[in-house]
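Please read the structure below before turning to the comments.
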Amino acid sequence: MAPSRRDIQLTRITGHSLGSSDAENEEMEGVRLLDSYDDDEENAHFLSKIEGGSGDSGLKKIQVGITGMTCAACSNAVEGALMSVSGVFKASVALLQNRADVVFDPNLIKEEDIKEAIEDSGFGAEILADPVTAGTKTTLVGQFTIGGMTCAACVNSVEGILKDLPGVKRAVVALATSLGEVEYDPNIINKDDIITAIEDAGFEGSLVQSNQQDKLLLRVDGVLNELDAQVLEGILTRLNGVRQFRVDSLSGELDVVFDPEVVNSRTLVDDIEGEGYGKFKLRVMSPYERLTSRDTGEASKMFRPGPGIHRLKSVILCHLIQCFFLIQIPLFCIQVICPYIAALNNVLVWRCGPFMMSDWFKWGLVSIIQFVIGKRFYVAAWRALRNGSTNMDVLVALGTSASYFYSVGALLYGAVTGFWSPTYFDASAMLITFVLLGKYLESLAKGKTSDAMKKLVQLTPATAVLLIEGKGKKFVGEREIDALLIQPGDSLKVVPGGKIPADGVVVWGSSYVNESMVTGESVPVSKEVGSPVIGGTINTHGALHIKATKVGSDAVLSQIISLVETAQMSKAPIQQFADYVASIFVPVVVTLSLITLVGWSIAGAVGGYPEEWIPENGTHFVFSLMFSISVVVIACPCALGLATPTAVMVATGVGATNGVLIKGGDALEKAHKLKYIIFDKTGTLTQGKATVTTAKVFSEMDRGEFLTLVASAEASSEHPLAKAIVDYASQFHSTDESAEDGKESQNSGWLLDTSDFSALPGKGIQCLVNNKMILVGNRKLMSENSITIPDHVDKFVGELEEGARTGVIIAYSGELVGVMGIADPLKREAPMVVELLRRMGVRSIMVTGDNWRTARAVAKEVGIEDVRAEVMPAGKAEVVRSLQKDGSTVGMVGDGINDSPALAAADVGMAIGAGTDVAIEAADYVLMRNNLEDVIIAIDLSRKTLTRIRMNYVFAMAYNVVSIPIAAGVFFPLLRVQLPPWAAGACMALSSVSVVCSSLLLRRYKKPSLNTIMANE
């Protein structure tokens, strides 16, 4: 008997072994499932072939839409025609669905051949989109952790390797976060291929997250042994809609790929828990939680390579503790303490074979440091050299190896000749110790740079209270669910003091909500029925019932996190300097080291310096070698590589906490050199809350009839002025009605039917009412339609405009019938912002589609001298381009769809957060608070960040320029001071730490005020 659909729904991607190796962690992107089979063996045979990939046995499955079938005989005829085609392994025709599933060998036939076979049998055919992949993105964006990178040269190497992979569209690697973002075509390459390429390059790689929409990562409590894992597998096998899964019994993690058309995430979790009769408790994990969880573990597991900066800190700390307590302390005792204790000293000076015991102890202990604890430097250096690049690890490996092997050579030479030269085992050991200490401190400091991101992630509540609806849409109960399982349309309860679990709309209750953590606005916002709420904000007073509207990646908080993450992954143009220096840095340093060695050796051979400079029992070569080793180990490319990314990371986090979202390092860098900044008027300089102040009729028409006519025409428009007109008219009509009737009238009761509505940007609107044309707009619209404006009406409109009000002219059936005056009050902070910008050297310009009189009146009130009025949306972009002609950097601040062309054309586009999605998408900065003061914050933060980056570069360059000559002994003839290799290593290690700490000073950023800007003038 053929198995049911439930029985053959999915395949397990780990085979029979659970979570025991990386190979078992495969995610098999693009899995295709057959809808029906004849028997179990055939199912397994075909499924294995379909999933066999690109091998010789790889098969492909397509769906074909068929027209013209009327009965079972027709479907049998089509099936027979398909099976007769060479290369077709299986054909299943569904009469009711008018569809056929065909499994074939793409090496033998093409899809067109299948289509022609059906058409030749007398039916119509059309190849359908893959049912699994239809509607999904053509490319995926995956985020990978990359371990083992130490400087900009490593970043360049990994980026180059990833970009050369077939199917990879884009690859960006960030040193500060040890993350790489790769956009790739899953039909050409999968995530395992990318991880393999990273590992082949000599680095550690693992997937953190991707933008696949049908994957769920769960933490499972209750999987205690292999039997529990098998029970869980059995449950997953029986569930509808599950495509594939992976159970990791060791970590308690479950990866599930499911069909969102068949089952949603919450139902899936409920079904698993229900089928397990309460044995298994599931919790959705965010990618950030998974990354963090993998960073924890027992000390015995710390040597296992893994992703994340926390694991890096653990490994380095473990090495550092071993190096210090197990080896450095014994070395210190041998050299400093033991000589003063007769018994111990006798043991150390006792000759065992060719060497004294002290030499044997030093050699043995330092060998452990050099080749066990220091193995990471050799491995990393080999990776870099194998990929044709160089980095800090190459320098450390060279310096320590030179010191170690010279010391070994000196011992062997002394054993053979009896001439005992000084050894420098301690230099090698101390050098590795100080480098590890520096890397650990650097990891600690780098971890601090992502504090803002961690705070954003922590804003999301872990659980939510779901209200259960019964008959009549009444709530009959409630249950606690995972916040990551909330779906659009869910009704949720929020108690006082609780966090809003998702973006939504209040459907019951009233309260005040603290939105400061998302928008930066410190004053709690009043929320009533119909008010929007943002997930992650805090309900401070009354209880609320909300209806979820946006969840997952569509939620505001998720978008903020995504923007900040993208900005931290991006490279500022100034980073190109560090990339170039990093590419030549190590070869230059090695060359300088060789020059130092040769120079001091030749000078010694020709008597260029006195013999007393040479240490006791030393030689000219040893004396020169110490200078050469110091040059190698004191040079540091890491400080240059960290100068920009750490500052950008801190700045984007600081911006997010202040309500300013920065989309990338490029935008952050450009904003500091803004010369012009263009403001839209309505909704940007003004509050966007227009109100009608005047309504005058210039015809025989009744006032109520006039308002009804205008409101009916404007009801189809989304412009703020249109809303003001409709609100004014509805308020007029509701005065003579009861509250209930008034509410009904506001909806549509008194509005007239319209047709042929058309919005004319920069002019107004037109439509038909009672089969007569009505025009609502400015003088230009009237002139184009040959509407005469009498002098007294024109004078009246002029008076409105001179009072900073917009005059709206209404014509009906070819005659002017009235005028309405609309005021949109300025934002309180607008004049101060314009003045601050002037003092910062940025010239403000107002560009609006409004008339000249109103524009000039508003500009005068706000303090802007340069005004461009009656400008179409495309014209705003032209204004931007005209200002850019002389090479000036131009910014644009706007909030509407009509501002998006200018926002995209500007060097720096800033969208008011309360504006439209189109404007926000086109901008480089998003001002969450709808407050113009954030424009000042954006520019000031950019300037302070670029100043900090330049300071980092100056320090990093100055450090190398000054320290290398000192290490090379340039000043030794004057000062008689030689920098030993271990001290050079300490300086090198601390240079990176100092650059990261310098970037961390940006966390102390304070919003600028008029007084501080005036003081800095």
Handout entry: Under 5 Å, built H, 5+ apart or other chain: amide partners of residue 760
Key = 765, 766
Practice task
Rounded to whole Hz and in sequence order, give me ³J(HN,Hα) for the stretch 651-656 from the Karplus expression 6.51 cos²θ - 1.76 cosθ + 1.60, θ = phi - 60°, writing x for Gly and Pro.
Solution key: 5, 5, x, 5, x, 4
Exercise for the section: Give the ranking of 975, 836 by solvent-accessible surface, highest area first, calculated with a 1.4 Å probe. Expected result: 975, 836
Completion exercise
Using the Kirkwood radius over Cα pairs of the stretch 140-210, the Stokes-Einstein translational diffusion coefficient at 10 °C and 1.306 mPa s, in µm²/s and rounded to a whole number, is 137 µm²/s
Fill in the blank from the handout: Given 170-177, 870-877, 925-932, the highest-first ranking by average Cβ count within 10 Å works out to 925-932, 170-177, 870-877
Handout entry: In the stretch 751-847, GluC sites (Glu not before Pro) in a DSSP loop with at most 16 other beta-carbon atoms within 10 Å
Key = 829
Handout entry: Amide H within-cut-off set for residue 1005, under 5 Å, with H built and near neighbours excluded
Key = none
Practice task
Heads up, I need the accessible area for residue 672: 1.4 angstrom probe, whole protein in place, Å², nearest 10.
Solution key: 40 Å²
Practice task
Taking H placed 1.01 Å from N in the peptide plane, check which residues at least 5 places from residue 694 or on another chain put their amide H under 5 Å from its amide H.
Solution key: 821
Practice task
Sort 526, 511 by accessible area with a 1.4 Å probe, largest first.
Solution key: 526, 511
Exercise for the section: Please turn the phi angles of the stretch 691-698 into ³J(HN,Hα) values with the Karplus equation 6.51 cos²θ - 1.76 cosθ + 1.60 (θ = phi - 60°), one per residue in order, whole Hz, x for glycine and proline. Expected result: 9, 7, 9, 9, 9, 10, 9, 10
Fill in the blank from the handout: With every protein chain in place, the accessible area of residue 500 for a 1.4 Å probe, in Å² rounded to the nearest 10, comes to 0 Å²
Exercise for the section: With 31 Å as the limit, write out which pairs from 681/772; 60/281; 163/670; 547/723; 279/527; 527/827 have Cα-Cα distances beyond it, or answer none. Expected result: 681/772; 60/281; 279/527
Completion exercise
Once phi for every residue in the stretch 796-813 is put through the Karplus expression 6.51 cos²θ - 1.76 cosθ + 1.60 (θ = phi - 60°), the whole-Hz ³J(HN,Hα) values, with Gly and Pro written as x, are 5, 5, x, 5, 4, 5, 5, x, 6, 10, 8, x, 9, 9, 10, 10, 9, 6
Practice task
Considering only protein heavy atoms, with the full assembly of protein chains and a 1.4 angstrom probe, order 1003, 243 by accessible area, largest first.
Solution key: 1003, 243
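The values are calculated or read from the model by the stated rules, or taken from the named source; none is laboratory data. Since the model is a prediction, treat every value here as computed from it, not as a measurement. When we count neighbours, we look across all protein chains shown, and the Cβ atoms used for this are built from the backbone with ideal geometry, even at glycine. Accessible surface is based on the protein model in full, side chains and every heavy atom, while ligands, DNA and RNA are left aside. Shrake-Rupley method; radii C 1.70, N 1.55, O 1.52, S 1.80 Å.
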